[in-house]
Amino acid sequence: MVPLAHPASLALQVVDENGAALADVAVALEPVGAPRPAMQARARTAEIVQQGKRFIPLMTAVPTGTAVHFPNRDTVRHHVYSFSPARTFELKLYIGTPAEPVVFDTPGIVVMGCNIHDQMVAYVVVSDTPWVGVSDGAGKLRIEGVPPGDYVLAYWHPRWAGTSNAPARMPLRLDQGAERRLVVGARP
Ligand SMILES: [Cu+2]
């Protein structure tokens, strides 16, 4: 019998090209040469709130199949839409929480806006792996419970919107616990 390896974790410090902490970087760990873990077994949900005529959070990273709820906590109506190929949808003018969540079942980058308020924007990065995360206000993110092995680290930030609509990718070997610094420059 092959002994089970202890799960590893990845701790990232994400910075921009000047060394400043960078929030809202979406990250996914894709296993190389290992079977992808069953995704269907994990029923996942997430929430993107509309509050103060903003989407909160700006960035969400989810595994494929995640159901995202879009509650409107404002007293004005919003009209959420996406024209992105990975998930085109429209939630027509509403207040409160729509009964049905939006299921993101295709990997890719989805940009959402509001038909009424042009300044409103949010992103969902959908990946075919359960190991995803988003850097926080200090540029930090942590992904736990990853089997040791070889991975591709895929990452994307809204500053690339319009110039690159695919995540940047770099190989990464994970042993017990890895701490890395990830520099996300102006372009991938
Ligand atoms: Cu709106």
Checklist entry - How many residues, within the stretch 175-184, are surrounded by 14 or more Cβ atoms within 10 Å (Cβ to Cβ) and modelled with pLDDT of 90 or more? => result 2
Checklist entry - Which members of the stretch 118-144 meet the condition of being of a type in the set (Phe, Trp, Tyr) and over 10 Å from MET59 (Cα atoms)? => result TRP131
Checklist outcome for this item: Of TYR151, TYR81, the only residue that is over 30 Å from PRO35 (Cβ atoms) and either in contact (Cβ under 8 Å) with a residue 60 or more places away in the chain or over 13 Å from the mean Cα position of the chain (by Cα) (or both) is TYR81
Checklist outcome for this item: Here the residues within the stretch 93-145 that are touching a Lys or Arg at 6+ places or on another chain (Cβ under 8 Å) and among the aromatic types (Phe, Trp, Tyr) are TYR94, PHE104
Item to check | Any chance VAL27 is among the aliphatic types (A, V, I, L, M), loosely packed, with under 15 Cβ neighbours inside 10 Å and either at pLDDT 95 or above or farther than 26 Å from LEU172 by Cβ (or both) | outcome: no
Checklist entry - Of everything in the stretch 82-127 that's aromatic (Phe, Trp, Tyr) and closer than 21 Å to ARG159 by Cβ, which residue is surrounded by the fewest Cβ atoms within 10 Å (Cβ to Cβ)? => result PHE83
Item to check | Yes/no for PRO107 being free of Cβ contacts under 8 Å to residues at least 60 places away in the same chain, in contact with a strand residue (DSSP E or B) (Cβ under 8 Å, 6 or more places away or on another chain) and more than 10 Å from the ligand (Cβ to nearest atom) | outcome: yes
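I'm checking my understanding of the structure. Among residues of the stretch 115-134 that are outside any strand (DSSP E or B) and of a type in the set (S, T, N, Q), which one is farthest from the ligand (Cβ to nearest atom)? Talk me through it step by step, then tell me what you get.
Here is the first cut: in the stretch 115-134, the residues outside any strand (DSSP E or B) are 115-120, 128-131.
Checking which are of a type in the set (S, T, N, Q) leaves us with 115, 119, 129.
Details: ASN115: 7, GLN119: 9, THR129: 32 Å.
Top of the filtered list is THR129.
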Next on the checklist: Of everything in the stretch 47-81, what is crowded, with 20+ Cβ neighbours inside 10 Å and within 14 Å of the ligand (Cβ to nearest atom)? Give them in sequence order.
Outcome noted: ILE48, GLN50, PHE55, PHE70, ASN72, HIS78, VAL80
Checklist entry - Does ARG142 count as under 14 Å from the mean Cα position of the chain (by Cα) and loosely packed, with under 14 Cβ neighbours inside 10 Å? => result yes
Checklist entry - When residues of the stretch 148-174 are filtered for being surrounded by 12 or more Cβ atoms within 10 Å (Cβ to Cβ) and polar (S, T, N, Q), how many remain? => result 2
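The values are calculated or read from the model by the stated rules, or taken from the named source; none is laboratory data. None of the values given here were measured: they were computed from a predicted structure. Every residue, glycine as well, gets a Cβ built from its backbone with ideal geometry; the counts of neighbours run over all protein chains shown.
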